[in-house]
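Worksheet: one structure, shown below.
Taken together, the values in this text are just the output of simple stated rules run on the coordinates, not laboratory data. None of these values were measured; they are calculated from a predicted model. Every residue, glycine among them, receives a Cβ derived from its backbone with ideal geometry; neighbour counts consider all protein chains shown.
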Protein chains: 4
Amino acid sequence: MEQNQIWDQLSLDEEEFTPKQKKIIAAAVEIFAEKGYAATSTSEIAKKAGVAEGTIFRHYKTKKELLLSIVAPMMAKMIAPFVIKDISRVLDKDYDTLEDFLRAMIKNREAFMEKNMLLFRILVQELPFQKELQEQFKEHIAAKIYTRMEKAVMHYQEKGEIMVMPSKTVIRLFLSTIFGHLMARFFILSSEEWEDEKEMERTIQFLMKGLSPDE
Amino acid sequence: MEQNQIWDQLSLDEEEFTPKQKKIIAAAVEIFAEKGYAATSTSEIAKKAGVAEGTIFRHYKTKKELLLSIVAPMMAKMIAPFVIKDISRVLDKDYDTLEDFLRAMIKNREAFMEKNMLLFRILVQELPFQKELQEQFKEHIAAKIYTRMEKAVMHYQEKGEIMVMPSKTVIRLFLSTIFGHLMARFFILSSEEWEDEKEMERTIQFLMKGLSPDE
Amino acid sequence: MEQNQIWDQLSLDEEEFTPKQKKIIAAAVEIFAEKGYAATSTSEIAKKAGVAEGTIFRHYKTKKELLLSIVAPMMAKMIAPFVIKDISRVLDKDYDTLEDFLRAMIKNREAFMEKNMLLFRILVQELPFQKELQEQFKEHIAAKIYTRMEKAVMHYQEKGEIMVMPSKTVIRLFLSTIFGHLMARFFILSSEEWEDEKEMERTIQFLMKGLSPDE
Amino acid sequence: MEQNQIWDQLSLDEEEFTPKQKKIIAAAVEIFAEKGYAATSTSEIAKKAGVAEGTIFRHYKTKKELLLSIVAPMMAKMIAPFVIKDISRVLDKDYDTLEDFLRAMIKNREAFMEKNMLLFRILVQELPFQKELQEQFKEHIAAKIYTRMEKAVMHYQEKGEIMVMPSKTVIRLFLSTIFGHLMARFFILSSEEWEDEKEMERTIQFLMKGLSPDE
DNA sequence: GATGAATGAGAATTCATTCAT
DNA sequence: TATGAATGAATTCTCATTCAT
């Protein structure tokens with residue numbers, strides 16, 4: 001993966017980053033994703049970034065700070081569609097039918113993954129180990145997403161498109177399916193094995209039917 | 001988690017293991033599960049096991065060999081229900097209806113998780129990093145499970161209980177849902193938040209409806 | 001032996017070596033010479049050099065690399081008199097008589113040993129164990145020295161000062177005598193037991209007569 | 001090299017050695033000769049000998065004791081020709097001429113090397129490192145050999161076959177030549193490169209002429 | 001006598017971090 | 001800001017040796 005792309009993922013161009021710092025982040029993202037945080041040495045990052053070992057610690061007090069500085073902003077981006085104007089579009093008005101909503105949701109998440117694959121990988125891989133990430137994730141991500149999702153679920157339940165069931169359960173089933181869809185597409189299956197449009201429709205139909213009220 | 005339980009997980013009592021060796025494995029399982037393989041030091045394992053550090057290396061040439069010696073047999077156990085007599089029970093004869101099949105499957109996997117939580121955690125956590133595990137997993141686990149599942153899917157498709165759809169997709173949707181179910185129950189939600197019977201029924205209903213043929 | 005002298009042996013002053021690195025080399029030379037490579041620990045070297053153990057590995061990836069970095073350049077120096085201008089002086093023109101040649105040779109080797117005793121000791125001691133050294137020695141040292149010596153032998157054979165005999169044998173006899181001379185002087189006998197000038201003349205006479213043509 | 005031969009070298013069959021002990025010695029000799037004492041681990045010896053690690057220490061309190069138990073008796077054998085009846089044959093009566101004496105000496109040493117190559121190698125390789133060996137060597141070997149040699153030198157000087165020169169020097173020149181001869185034959189040159197009979201004659205001639213009195 | 005599990009001291013090497021330049 | 005030499009604690013692993021069986 002080229003630097004540009006990683007950089008795009010963090011969308012940090014505008015902020016004041018020295019060129020060296022950018023290289024450090026790019027290198028760290030790649031190696032963290034491949035070998036995991038704990039198995040990555042700062043010297044390896046420095047070498048790949050083409051900077052001196054000390055330079056990393058000029059910008060980040062510790063190795064862990066480097067990790068967090070990488071993952072934290074991507075967590076923020078993860079919830080973007082749930083909190084900003086997008087939300088009005090995705091969750092409130094535009095999507096009259098559940099089907100439209102689901103399709104928009106999946107497409108949105110696919111687009112996100114396309115841009116953030118490595119970062120997402122790091123997040124998923126390190127979440128079990130890094131207490132700090134877990135807390136950030138619970139407080140800022142899970143909670144917010146859950147709140148918004150709950151609204152949407154209740155909305156479509158009122159409209160009679162989702163069966164009556166605790167929203168917690170609906171969200172669990174929904175997220176399992178989406179997560180499985182994304183994993184299959186981005187991490188497990190090769191592109192030849194995956195017919196994008198068709199699989200998306202199948203996932204949508206599965207969710208629609210699975211969540212539909214009993215007649 | 002007590003040693004006995006871990007031991008039970010590996011079901012290795014019968015083989016010739018030194019008492020010290022058993023302690024080493026028990027300690028390693030716990031710490032690997034909690035902090036991850038890379039972040040676990042052999043000295044930590046030794047201390048927890050109440051053993052000299054050298055003793056670990058008398059039994060396992062390297063730290064990685066210790067990891068593999070722990071995870072490999074549990075992978076074998078993972079597919080047991082898919083390959084032995086159970087399979088006849090689960091996949092072939094007894095379960096006339098899809099619902100029975102799903103219920104049996106979920107219960108079976110829940111029982112498995114109950115006994116193998118830590119080991120399963122290690123497997124899931126290390127799979128992204130350990131090439132050896134990935135290969136073992138692909139060759140011995142994924143392939144076998146997939147083959148058996150495919151049979152079952154086609155069986156219920158013929159019976160008209162599952163819609164016509166590539167079995168690969170059915171399996172993906174099915175496994176996503178099961179995996180999500182197990183993660184929620186064992187790793188995410190506390191026991192108070194989880195009504196076992198009800199959630200199981202909801203998962204089953206979701207799968208049944210989601211996979212049912214369009215009338 | 002003082003550092004300066006060792007340093008002089010390697011004649012590496014000019015190259016960019018950290019002061020610490022120089023200390024490491026000096027310490028390593030002394031201990032390797034005394035106890036042998038295998039019996040020398042890096043911690044011992046570090047202590048003697050007044051350096052942290054990690055510092056050694058900043059400059060040399062492995063302990064063996066340290067050994068080679070010490071012995072390799074001295075092997076180069078060993079053949080200097082056989083390949084550079086000295087050769088013209090020693091082997092080609094100036095030394096009309098065999099006696100002059102032998103005397104120059106022995107004096108030259110004695111001077112070399114005076115400066116490189118420790119390094120020479122390491123070379124001789126480790127040669128039986130280190131495959132890398134053996135190869136370097138065969139390819140770069142033995143081959144070159146042999147080639148030049150062969151020329152000189154044939155030269156003096158043509159002049160009738162050395163008997164007709166395979167040059168390989170002459171060289172063997174010659175080197176045995178020189179080596180024995182140097183060992184006696186530098187490693188076996190104390191200075192009181194050794195009358196420098198006289199022993200040199202005796203060695204020369206022994207060689208002259210031993211190699212002289214039958215009348 | 002086969003065990004029998006090594007065993008023959010030590011000529012220890014008669015003494016009470018358990019079969020395991022014999023295997024240990026045989027294995028140790030081979031590995032010590034190849035990798036050196038310091039670089040050889042007792043576990044390696046045990047494995048090669050096909051015994052348990054502990055067994056070695058049942059017979060030898062320490063690893064060093066094992067080394068000494070191997071080298072010491074071979075040192076004794078080294079001087080055999082100088083101390084027992086052989087001596088009368090070699091040094092006193094039979095050999096009227098220097099030439100006969102030299103030829104007998106070289107042949108004897110060649111025969112010795114043929115039987116004791118590995119042990120000799122160990123001795124030479126470890127002598128620089130093992131103080132105990134050095135002392136044993138100086139006291140028991142060097143001293144005795146020197147004494148006997150001195151007698152012989154004086155004998156042939158009186159007969160006018162060796163020039164007048166300190167016997168110490170004669171011995172040095174003589175041993176250098178013999179040692180070089182043996183090294184070339186046994187350790188440096190391959191058998192195709194070495195014409196046994198001829199090289200022996202050349203060595204003898206070289207010594208004879210080199211040591212002969214000036215007319 | 002023989003075993004081999006166990007030990008703990010120490011080996012080589014790694015690594016995050018510091019600091020003078 | 002950037003460097004990279006230096007550090008020392010920690011890490012993986014080795015090894016001679018012990019000891020209960």
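Tabulated results
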read-out: Label spacing, shortest first and in nm, from C:F179 to its equivalents in the remaining copies (7 angstrom along Cα→Cβ); value: 0.9, 6.8, 7.2
read-out: Those lysines that a straight Cα-Cα span of less than 16 Å connects to D:K168, excepting residues fewer than 8 apart in one chain; value: C:K198, D:K138, D:K144, D:K151
read-out: Low-density loop positions, trypsin sites (Lys or Arg not before Pro), the range A:93-173 - DSSP coil, at most 15 other Cβ in 10 Å; value: A:K93, A:K159
read-out: Per-residue HN-Hα couplings for the range B:200-212 [Karplus 6.51, -1.76, 1.60; θ = phi - 60°; Hz; x = Gly/Pro]; value: 4, 4, 5, 4, 5, 4, 4, 5, 4, 5, x, 9, 5
read-out: Axis-proximal residue, chain D, for the rotation superposing D on A (Cβ, Å); value: D:S41, 15
read-out: Descending principal axes extents, the protein assembly as shown, alpha-carbon based, whole Å; value: 130, 66, 44
read-out: 10 Å-binned pair-distance histogram of the range C:149-198 (Cα, whole percent); value: 24, 36, 25, 15, 0
read-out: Listed residue pairs exceeding 25 Å between alpha carbons, taken from C:K159/D:K209; B:K61/D:K47; A:K47/B:K47; value: A:K47/B:K47
read-out: Phi to ³J(HN,Hα) by Karplus 6.51 cos²θ - 1.76 cosθ + 1.60 over the range D:132-148, Hz, x for Gly, Pro; value: 4, 5, 4, 5, 3, 5, 4, 5, 8, 9, 3, 4, 5, 4, 4, 4, 5
read-out: Counting all C-alpha pairs of the range B:101-215, share separated by more than 18 Å (%); value: 57
read-out: Most mobile of C:P73, C:P19, C:P166 in a GNM of chain C (Cα contacts under 10 Å); value: C:P19
read-out: Relative contact order (percent, whole number), chain B, Cα cutoff 8 Å, 6+ residue spacing; value: 21
read-out: For the range A:181-194, 3J(HN,Hα) per residue [Karplus equation, 6.51 cos²θ - 1.76 cosθ + 1.60, θ = phi - 60°, Hz, x = Gly/Pro]; value: 4, 5, 4, 4, 5, 9, 10, 9, 8, 7, 4, 5, 7, 10
read-out: Residue (of A:S69, C:S43, A:S191) at the positive-pole extreme of the protein assembly as shown, dipole from beta-carbon charges; value: C:S43
read-out: Degrees, to the nearest 10: B:98-126 long Cα axis against longest axis of chain B; value: 20
read-out: Mean shadow area of chain C over all directions, Cα convex hull, nm²; value: 13.0
